[in-house]
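Notes follow once the structure below has been shown.
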Amino acid sequence: MSRKLYAEDHWIRSENTEHALIAYNEQQSKSYSKAKNLFIRKLLGNLEGKRFLDYGCGAGMFPVYAAKSGAKHIIGVDAEETVLSTARYFMEKEGVKDQCEFILSEKWPAFQQNISFDDILLKDVVEHVEDDQALLDAASRSLAPGGVLIISTQNALSLNYLIEGTYHRVVKHQKDWYGWDTTHLRFYTPLSIKKKLLKAGLRPVAWRSVYIVPHKIPALPSSGQQFYRLEFLTLIDKTLGSIFPWNRLGWNIIAKAVKEKK
C-alpha cells in the first residue's frame, strides 16, 4: 500500500496556480470545511511568536493564517510541487509572501536538531499515509515540550459512515471504499487516534467534530443536480461539535494533543 495520487484534472495537479487557488478556495468555502477550519483555528489558539508547521499544507490556508496571526517561523510541507506553487501564489496575494518556507517532501523532513515547533498541524493527512504511526512519531519528535499537535481525519464512528459506508461497503460490496476522497487509505475512530497519539508520546486534551448530521443528500434524477446541500445543518456542528459525545461522532474528527514536558 502506497500513497494514492489524485487524477490529472484535480486542482492539486494543476500547474495553473490561479485556477488551482480558485478551486481550492471554492472547496474551503463549503459549510463543512468552514466549520472544520473554525474549530482548528480555535484549537491552535494564539500563534503570535510561535513556530508553526503545517504538514500537508495544501494551497496554504493555514500558513497564511499563521502569518497573519504573527507566527515567527512558519513551514509548510507537501508532496506535490503544484500544490506548493499554488500556496506560494496564495501567500503573495495575501501580502505575506516571505513569511513561510515551503518544503517539497513525501516524508517527514529532516529538520536540524535545534529546530522544534510550538504547533504542528496535520489536517486530513494521516489517512493518506502508509505508515501513519511513523508520521505521528516524527511529528512528536519535532514538537517542543508542551507543544501542540492538531490532527483531523475521517471518522468511522459517525452517522454518515453508518449510512454511506453501509451503502458502499455492504450493498455495493465496495470493500475498498474509504470515503469521499479516492486517495484515502483507511478510516479511524477516536479510540484508534487516541491510541496512536499516546504511543507517539502525545496526550489528547480536546476533541471536535463536524458533519454530525449528513447534509449532502443525493438529489432526485429529475432535478438535474447530483446533490442537495442542506448546509444549515452545519449549525448542529457549531453547537454540538465541541460537546461530548458529539465531539467524537462527526464524519470528521479533530484532536488536539500536547507533548508532555519532561
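The values are calculated or read from the model by the stated rules, or taken from the named source; none is laboratory data. Values in this document were obtained by computation on a predicted structure and should not be read as measured data. Every residue, glycine as well, gets a Cβ built from its backbone with ideal geometry; the counts of neighbours run over all protein chains shown.
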Which condition breaks for GLN154 when tested against (1) crowded, with 17+ Cβ neighbours inside 10 Å; (2) without any contact (Cβ under 8 Å) to a residue 40 or more places away in the chain; (3) within 17 Å of the chain's Cα centre (by Cα)?
(2)
Among the candidates GLY70, GLY95, GLY56, which residue alone is in contact with a Leu (Cβ under 8 Å, 6 or more places away or on another chain), surrounded by fewer than 18 Cβ atoms within 10 Å (Cβ to Cβ), modelled with pLDDT of 95 or more and of a type in the set (Gly, Ala, Ser)?
GLY70
Only residues that are assigned to a loop (DSSP other than H, G, I, E, B) and either under 21 Å from ASP237 (Cβ atoms) or touching a Phe, Trp or Tyr at 6+ places or on another chain (Cβ under 6 Å) (or both): list them for segment 153-177, please.
ALA156, LEU157, SER158
(1) over 24 Å from GLY45 (Cβ atoms); (2) part of a helix (DSSP H, G or I); (3) more than 20 Å from the chain's Cα centre (by Cα) all hold for SER192 apart from (3)
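What are the residues in segment 215-232 that are outside any strand (DSSP E or B) and within 28 Å of the chain's Cα centre (by Cα), if any?
HIS215, ALA219, GLN225, GLN226, LEU230, GLU231, PHE232
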Looking at segment 195-208, which of its residues are aliphatic (A, V, I, L, M) and either within 17 Å of SER242 (Cβ to Cβ) or not in a helix (DSSP H, G or I) (or both)?
ALA200, LEU202, VAL205, ALA206
Only one of (1) at pLDDT 90 or above; (2) touching a strand residue (DSSP E or B) at 6+ places or on another chain (Cβ under 6 Å); (3) farther than 22 Å from ALA139 by Cα does not apply to TYR188, and that is (3)
Picking from ILE236, ILE217, which residue would you name as being β-branched (Val, Ile, Thr), in contact with a Leu (Cβ under 9 Å, 6 or more places away or on another chain) and over 30 Å from PRO145 (Cβ atoms)?
ILE217
Yes/no for VAL205 being under 12 Å from ALA255 (Cα atoms), more than 17 Å from the chain's Cα centre (by Cα) and modelled with pLDDT of 95 or more
yes
Count of segment 193-231 residues which are closer than 22 Å to LEU136 by Cβ, out of contact with any strand residue (DSSP E or B) (no Cβ under 9 Å at 6 or more places or on another chain) and in contact (Cβ under 8 Å) with a residue 40 or more places away in the chain:
1
Confirm whether ALA7 is over 16 Å from the mean Cα position of the chain (by Cα) and closer than 22 Å to LYS216 by Cβ.
yes
Selection status of ALA7, at pLDDT 95 or above and not acidic (Asp, Glu):
no
Restricting to segment 125-137, name every residue that is part of a helix (DSSP H, G or I) and surrounded by fewer than 18 Cβ atoms within 10 Å (Cβ to Cβ).
GLN133, ALA134, ASP137
Every pair of residues 6+ apart whose Cβ atoms lie under 8 Å, when the first sits in segment 27-55 and is on the phi > 0 side of the Ramachandran plot while the second is among the hydrophobic types (A, V, I, L, M, F, W, C):
GLY45/VAL148; GLY49/ALA71
So, in segment 234-262, how many residues would count as being buried (at least 17 other Cβ atoms within 10 Å of the Cβ) and either in contact (Cβ under 8 Å) with a residue 60 or more places away in the chain or at positive phi (or both)?
16
